[in-house]
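Beneath this line is the structure, given in structure tokens, with notes to follow.
Readers should treat all values here as calculations from the given coordinates under stated rules, not as data from a laboratory. In this text, all values refer to a predicted model and were calculated from it rather than measured experimentally. As a convention, Cβ positions derive from the backbone with ideal geometry for all residues, glycine included, and neighbour counts pool all protein chains shown.
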Amino acid sequence: MAENKLLYEYAVIRVVPRVERDEFINAGLILYCKKQDVLLCKTFLHQTKLLCLDEQADCETIARYLEAFERIASGNCPENVLSKADKPARFRWLTAAKSTIIQCSPVHPGLADDVQQVFKDLCKKLVH
């Protein structure tokens, strides 16, 4: 029954190497579940795909940006003030519309019994 399910929200993390072209590769997932107070984030940079979009893309720098995104989501980025915010604020800020190399898809809702499993399934389906 739906009343026993956990409501969660997620967005796909994208790398947009040339913002003016609006082309991207999926490079991660961020998921928030208020009821369980869970904020999950995992990134994966597929360098071959990235270089197909922009052969001059700086893969090392972009990988560091993705790592920082994960660290902010986890609250483990002391040099960034946002890292100290609560989980809902971090989720909303990280998934807000941006015109930068690291962007997120629109936020999508879902219902699940196990948000950890849903996170793994969505990562496999949408990122890898």
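Here are a few things to note about the model shown:
- FRET efficiency, 1/(1 + (r/R0)^6) with R0 30 Å, evaluated for Val19 and Thr48 via beta carbons: 0.90
- Environment charge of Gln103, counting only residues whose C-beta is closer than 12 Å and scoring Lys/Arg +1, Asp/Glu -1: 0
- Neighbour-count order for Arg21, Arg71, fewest beta carbons within 10 angstrom listed first: Arg21, Arg71
- Inter-part distance where the stretch 41-111 and the stretch 1-29 are each reduced to a Cα centre, Å: 10 Å
- Short-range pairs are left out: with C-alpha atoms under 8 Å and at least six residues apart, the relative contact order of the chain is 35 percent.
- Pair-distance profile P(r), taking every C-alpha pair of the stretch 35-106, with 10 angstrom steps and integer %: 18, 47, 27, 8, 0
- Per residue, the average separation of C-alpha pairs within less than 8 Å and at least 6 apart gives the stretch 35-98 a relative contact order of 31 percent.
- Spin-label pair Asp113/Lys84, simplified geometry with 7 Å Cα→Cβ offset, distance in nm: 4.2 nm
- Converting the Cα gyration tensor eigenvalues of the chain into ellipsoid dimensions via √(5λ) gives semi-axes, longest first, of 26, 17, 12 Å.
- In order through the stretch 84-90: 3J(HN,Hα) via Karplus (6.51 cos²θ - 1.76 cosθ + 1.60), integer Hz, x for Gly, Pro: 8, 6, 6, 4, x, 5, 5
- Fully extending the segment from Asp121 to Val38, taken as 0.36 nm per residue of separation minus the present Cα-Cα distance, adds 28.2 nm.
- Segment Thr61..Ser99, full-extension length gain: 12.0 nm, with 0.36 nm per residue of separation and the alpha-carbon distance subtracted.
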